[in-house]
Structures are given as C-alpha cells and as structure tokens.
Amino acid sequence: KIIIEGELQTLEEEIEEASGVNIGEPLLTTNIKAIKDQVEQLSWVKTAKVTRRLPDGVLINVLEHVPAALWQVDNKLWVLSDEGVQITDHKLEYFADLPMISGAGADQHLEDLLLVVTKNNELFNRVETASWIGGRRWDLILKNGIKIMLPEQEIITAWQSLVEFERLEKLLARNILAVDFRIKDKTVVRLTPEEAARRRLMAKTSGKGEEI
C-alpha cells in the first residue's frame, strides 16, 4: 500500500500516479530513488522523502512549495513560491489574495524581498503589487494606492523606516501618493494634489505650514 503525508495542494491520486508504484510488487525491490525523483516532478512538490514501511507499505512524505505571489509575465499569470519558483498557472482564483509581482527578473529577486518585508507581516499584508523596476529595485503599491519606492541598496533600512513612520505617525493613513526611499539618508513624501493645495492654502492664511 502507499501512504502519503504532507500534501496540501497536491491530490493523493496525483502523487500515487507519479510514484509509479505498482500495488502487489515486492516491497524490497521497489526503487525508492525513482519514486522520489518522479514525485518531485509534480508542480507543487518541493521535495519528497520516500521510505519503505514494513511489512507492506511505501511512505511518501512531500514538502510543498509555499505560494507567495502571483507573477505576471508575457501576459500570463503564475503562482510563485516564496523562493521564486513558478508553481502553476491553474486555479488562480484560489490565490487572489496573494500580492501581484511584475517586471523582468522579479521572480529571481522575490525571495530577497520577502526576507525583508515579512519581518513586519502586518504592513506587508497591505501590499497589493510589487514591481521590479529596471532590474535594480522594487516599487510596492499598497491596497490604498500609496506607492513605496524602495532603494537599490539597504532595503532593510528603508523598510524599517517605513514601519517606524507608520507606528509613530500613521503615515500611510494620510493623504499621500508615495513614499520615496531612493535617495540615501533621505525620505521624500509626495502628497496628493488636493492635500498639497490644502497645505499651500493653510500656509498662505496662517503664515505657516503643517508638518506631515
């Protein structure tokens, strides 16, 4: 018999079929390595561990890829793992809550981005899209439309600054268009046209502006 453990996205029937195990064949002559190699060809399977379970079983334990983003490339969408592996382009409706990433090479740099931004999952969960810009850096668009322009270097420092701004000032709840970290040691906040006009009016009528 075949015992399967660890599957979440992969159907047991798919694993059984991929394994090539023939029920009734002698257990001791079963090719464990071949089963492992064949099961690992399945799109969701990251690694598989196969062992004989005496007296009459083969245990297949799979570790699946973790879905992390939807990747838009060549007018097609893929579910991407947290390591940037293309998993599948099927049943995308089940992964609609994942952030969308785009840009040539975005898949190769996703893992590095996730290592940084998932240090604060509460803020990362507000990211709707991430674009890999010019093969050098990331732009993040939050669900409220605010753009976060990350630098080429020291992304960790920029993200930590954003987390701190949000914790202390609730910056991302204000009437702003973008937060720009591209210039080292400087953060530029771009206001919406309406907010900029309001502040200009306040400066004219009261003689001073308002700190953001």
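Among the residues of segment 6-20, just one is part of a loop (DSSP other than H, G, I, E, B) and in contact with a helix residue (DSSP H, G or I) (Cβ under 6 Å, 6 or more places away or on another chain), namely Gly20. The set of residues in segment 40-57 that are among the polar types (S, T, N, Q) and either out of contact with any Lys or Arg (no Cβ under 9 Å at 6 or more places or on another chain) or buried (at least 20 other Cβ atoms within 10 Å of the Cβ) (or both) comprises Gln41, Ser43, Thr51.
Residues in segment 26-39 that are among the hydroxyl-bearing types (Ser, Thr, Tyr) and either in a loop (DSSP other than H, G, I, E, B) or open to solvent by less than 70 Å² (accessible area, probe 1.4 Å) (or both): Thr30 alone.
Per the listing Val79, Val85, the residue uniquely within 14 Å of the chain's Cα centre (by Cα), within 21 Å of Ile15 (Cβ to Cβ) and open to solvent by 50 Å² or more (accessible area, probe 1.4 Å) is Val85. Among the conditions (1) of a type outside the set (Asp, Glu); (2) open to solvent by 50 Å² or more (accessible area, probe 1.4 Å); (3) touching a residue at least 40 places away in the same chain (Cβ under 8 Å), the only one that Tyr94 does not satisfy is (3).
The single condition from (1) under 17 Å from His109 (Cβ atoms); (2) out of contact with any helix residue (DSSP H, G or I) (no Cβ under 8 Å at 6 or more places or on another chain); (3) open to solvent by less than 80 Å² (accessible area, probe 1.4 Å) that Gln72 fails is (3).
Specify which of the listed residues (Ile23, Ile60, Ile3) is among the β-branched types (Val, Ile, Thr), part of a loop (DSSP other than H, G, I, E, B) and touching a Lys or Arg at 6+ places or on another chain (Cβ under 9 Å). Lay out the reasoning, then the answer.
Working: Ile60 fails: part of a loop (DSSP other than H, G, I, E, B); Ile3 fails: part of a loop (DSSP other than H, G, I, E, B).
Just one listed residue meets the conditions, Ile23.
With respect to the conditions (1) at pLDDT below 90; (2) within 20 Å of Asp97 (Cβ to Cβ); (3) touching an Asp or Glu at 6+ places or on another chain (Cβ under 8 Å), Ile176 lacks only one, and its number is (2).
Identify all residues within segment 130-154 that are among the β-branched types (Val, Ile, Thr) and either open to solvent by 40 Å² or more (accessible area, probe 1.4 Å) or touching a Phe, Trp or Tyr at 6+ places or on another chain (Cβ under 6 Å) (or both); write none if there are none. Lay out the reasoning, then the answer.
Narrowing segment 130-154 to residues among the β-branched types (Val, Ile, Thr): 133, 141, 146, 148.
Listed by number, the residues that qualify are Ile133, Ile141.
The values are calculated or read from the model by the stated rules, or taken from the named source; none is laboratory data. Quantities reported herein were computed from a predicted structural model and do not represent experimental measurements. Glycine also receives a Cβ, built like all others from the backbone with ideal geometry; neighbour counts cover every protein chain displayed. Only protein heavy atoms, including side chains, enter the accessible area calculation; ligands, DNA and RNA are left aside. Shrake-Rupley method; radii C 1.70, N 1.55, O 1.52, S 1.80 Å.
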